[in-house]
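Input: a single structure, listed below in structure tokens.
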Amino acid sequence: MVKLTIVGRVSDGLPLAQGPRYMNEENENFLWYKQQGEFILKEISRGALAPSKMTIRVDHHCFNYLVENGVCFITLCDSSYPRKLAFHYLQDLQKEFEKFNISLIEKITKPYSFARFDSVIGNIRKQYIDTRTQANLSKLNANRRQDLDIITEHMSEIVERRQRLELSERVVATSQTVSPIWGSPRLEVIALKWTPITIIIIVASVLLWSSLILTDDFLIRSF
């Protein structure tokens, strides 16, 4: 069963629509799975995941996603739900999405604000609830080798890879960190301004110290 759908923009990882909710929102798992879906969208946006389609296993569920023309279609299904049907569902969403004005979609700035597509998601999902309908059985029996082209990975592997990458980036950033004063033009300004003054003070101190020594020496000899 299709439980969660997210449609997002690949260029910046912004989720545009999600359709009706099929999981109980009171269940803390709903928000967790939604966050996982948004994480997948961000990883696709970063170029860390396959740019076309993929299946990602998490617990007893699977995320399936399809990327077309800069838009990512993600769905969460039970692990027992036929993967081929899940991708047919995503393809149907993609075909309907293309009917909208892309220039308007590119102007969206708020997450999940493309509400016009939510109802489309709900209507298409209804066609895929029962896997035993004649239409769905025909889709399952057609082109049986299609599933072999889809990469499968586990969510824990993706999260671990992201954590390693961020740790590596922090280590590199730390090793290249320079003091904001000593590594900036501000130091040059300070040096140009205060170095001559410092030299004058040092020279004056030396001369004063020398004169005092000479004076003391003269007084001692006079006595």
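The values are calculated or read from the model by the stated rules, or taken from the named source; none is laboratory data. The structure presented is a predicted model; accordingly, all values stated were derived computationally and were not measured. Neighbour counts are summed over all protein chains in view; Cβ atoms, including those assigned to glycine, are modelled from backbone coordinates with ideal geometry. SASA here: full protein model, heavy atoms, side chains in, ligands and nucleic acids out. Shrake-Rupley method; radii C 1.70, N 1.55, O 1.52, S 1.80 Å.
Atom-type composition of the exposed protein surface of region 60-107 places 48 percent of the accessible area on carbon and sulfur (1.4 angstrom probe). Available extension along the chain between Q134 and F100 is 9.3 nm, counting 0.36 nm per residue and deducting the alpha carbon span. Give the cross-link partners of K53 among the lysines, using a straight C-alpha distance below 30 Å as the criterion and excluding same-chain residues fewer than 8 apart. Within the straight-line limit of under 30 Å, K53 reaches these lysines: K3, K34, K42, K84, K95, K99, K107, K110, K126, K139.
Per residue, how many Å² of accessible area does region 51-173 show with a 1.4 Å probe? The partial results should precede the final answer.
Numbers: 7110 Å² over 123 residues.
Heavy-atom SASA per residue in region 51-173 reads 58 Å².
Tally Lys/Arg at +1 and Asp/Glu at -1 over every other residue whose Cβ is under 10 Å from the Cβ of G13; what's the total? Could you put the intermediate results ahead of the total?
Details: positive: R9, K42, R46; negative: D12, E38, E43.
So the environment of G13 carries a net charge of 0.
Please state the shape class of region 84-179: rounded when a/c is under 1.5, otherwise prolate if a/b exceeds b/c and oblate if not, all from the C-alpha gyration tensor. Intermediate values should be presented prior to the final figure.
Values: a/c = 3.45, a/b = 1.63, b/c = 2.12.
Note, shape of region 84-179 comes out oblate.
Per-residue SASA remark: H60, around 110 Å² accessible (1.4 Å probe; ligands, DNA and RNA not included).
Label positions at S211 and W32, each projected 7 Å from the Cα along the C-beta direction, are separated by 8.2 nm.
State the extension gain, in nm to one decimal, for the chain segment bounded by S119 and E153, taking 0.36 nm per residue of separation less the distance between their alpha-carbons. Walk me through the numbers before you get to the answer.
Values: separation 34, 0.36 × 34 = 12.24 nm, distance 3.05 nm.
My answer for the length gained is 9.2 nm.
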